[in-house]
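Take a look at the structure set out below.
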Amino acid sequence: MSADIAALAAKLDDAARFAKATPQIAGEPISVGDAYAVQKTSIQKRLARGERIVGMKMGFTSRAKMIQMNVSDLICGRLTDAMMAEDGGAISFKKFVHPRVEPEVAFLLRKPLIGKVTPLQALDAVEAIAPALEIIDSRYENFKFSLTDVIADNSSSSAFVIGPWRKPDIDIANLGMVMSINGRPQAFGSTAAILGHPLRSLVSAARLAAEFDVDMSAGNIVMAGGATAASALSAHIYVSLEVEALGRCGFSVED
């Protein structure tokens with residue numbers, strides 16, 4: 001491991017741990033591979049403090065986001081148990097720097113899924129599916145970042161909420177999604193906005209997991225990616241998501 005990767009990982013770990021904005025790393029250009037090395041090293045610091053890996057998240061799962069960031073592939077991040085918030089529970093606004101929330105669906109794996117797989121093979125590895133909300137939080141100053149900045153910063157993943165799990169025996173290709181804040185609809189979308197079908201995100205997750213050494217064991221969760229643009233969070237609000245045929249989940253934001 002190079003000293004630069006170790007130093008960048010320590011800087012980003014501190015930024016996330018203490019909710020302090022940090023400068024971009026653009027002044028120290030790194031490759032995508034190095035960015036994932038920074039991400040992994042940063043997460044290892046969390047594991048050393050007692051956290052454990054529970055899954056991965058996918059990013060840039062919409063064509064509009066890919067165009068915005070001038071990229072042609074998805075990105076991923078790692079999820080730990082400390083990032084999981086209780087459905088219907090509360091999170092503290094002070095734990096974040098620039099928090100935003102986006103509606104998603106989550107997969108629960110019943111067996112390992114890694115490498116090149118087909119959508120049918122991906123579906124066969126799914127134990128259950130659920131509505132989910134992800135709190136993304138770039139730790140960079142002024143909310144400015146490059147592709148490698150984002151990847152190194154655990155792909156902006158910060159916290160997540162999972163609703164009730166149900167068997168994957170329904171067609172999830174085009175389910176309506178409504179995310180509300182304080183009971184007022186904030187964003188409307190469809191699972192079709194996730195790469196045209198959420199299973200495509202799961203297929204890509206397996207590929208990226210193999211390429212960048214991300215755990216995709218049985219029992220792990222995969223967040224499929226945002227179905228709409230993310231909405232900014234503030235204190236004293238309640239965020240809820242309803243997904244057609246899947247159910248609902250939500251959380252409140254405290255000081």
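The values are calculated or read from the model by the stated rules, or taken from the named source; none is laboratory data. Being a predicted model, the structure only gives us computed values, none of them experimental. Cβ placement follows ideal geometry from the backbone for every residue including glycine, while neighbour counts extend to all protein chains displayed.
Before we move on, is residue 151 surrounded by fewer than 24 Cβ atoms within 10 Å (Cβ to Cβ), of a type in the set (A, V, I, L, M, F, W, C) and either at pLDDT 95 or above or within 19 Å of residue 134 (Cβ to Cβ) (or both)? Answer is no for this residue. Each residue in segment 167-187 was checked for being within 12 Å of residue 239 (Cβ to Cβ), in contact with a Pro (Cβ under 6 Å, 6 or more places away or on another chain) and surrounded by 19 or more Cβ atoms within 10 Å (Cβ to Cβ), and 1 of them qualify.
The single condition from (1) under 14 Å from residue 249 (Cβ atoms); (2) out of contact with any helix residue (DSSP H, G or I) (no Cβ under 8 Å at 6 or more places or on another chain); (3) surrounded by 17 or more Cβ atoms within 10 Å (Cβ to Cβ) that residue 164 fails is (3). In segment 215-230, of all residues being at pLDDT 95 or above and touching a Lys or Arg at 6+ places or on another chain (Cβ under 6 Å), the one that is nearest to residue 162 (Cα to Cα) corresponds to 223. Annotation: of all residues in segment 228-242 being over 18 Å from the mean Cα position of the chain (by Cα) and not hydroxyl-bearing (Ser, Thr, Tyr), the one that is farthest from residue 100 (Cα to Cα) is 242. Scanning segment 193-222 for residues that are part of a helix (DSSP H, G or I), surrounded by 18 or more Cβ atoms within 10 Å (Cβ to Cβ) and hydrophobic (A, V, I, L, M, F, W, C) returns 193, 199, 202, 203, 205, 206, 208, 209, 212. Taken over segment 229-255, the criterion of being in contact with a Gly (Cβ under 7 Å, 6 or more places away or on another chain) and assigned to a strand (DSSP E or B) is satisfied by 238, 239, 240, 241, 247, 248, 249, 250, 251.
Total residues in segment 162-192 satisfying the condition of being over 22 Å from residue 120 (Cβ atoms) and touching a residue at least 60 places away in the same chain (Cβ under 8 Å): the figure is 10.
Which is in contact with a strand residue (DSSP E or B) (Cβ under 9 Å, 6 or more places away or on another chain), of a type outside the set (Phe, Trp, Tyr), touching a residue at least 40 places away in the same chain (Cβ under 8 Å) and farther than 25 Å from residue 113 by Cβ, of 218, 235, 245, 227? One residue alone meets the criteria, 235.
Within segment 210-255, the set of residues being among the aromatic types (Phe, Trp, Tyr) and closer than 23 Å to residue 86 by Cβ comprises 238, 251.
Considered as a group, the residues in segment 45-65 that are assigned to a helix (DSSP H, G or I) and surrounded by 15 or more Cβ atoms within 10 Å (Cβ to Cβ) include one that is modelled with the lowest pLDDT, and that residue is 65.
Here is a yes/no grid of residues against (1) in contact with a Leu (Cβ under 7 Å, 6 or more places away or on another chain); (2) closer than 23 Å to residue 100 by Cβ:
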site	(1), (2)
171	no, no
189	no, yes
194	no, yes
197	no, no
212	no, no
221	yes, yes
226	no, yes
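Number of residues in segment 122-160 that are within 10 Å of the chain's Cα centre (by Cα), outside any strand (DSSP E or B) and closer than 14 Å to residue 95 by Cα: the value is 1.
Selection of segment 66-82 for residues being at pLDDT 90 or above and either buried (at least 21 other Cβ atoms within 10 Å of the Cβ) or not in a helix (DSSP H, G or I) (or both) yields 74, 75, 76, 77, 78, 79, 80.
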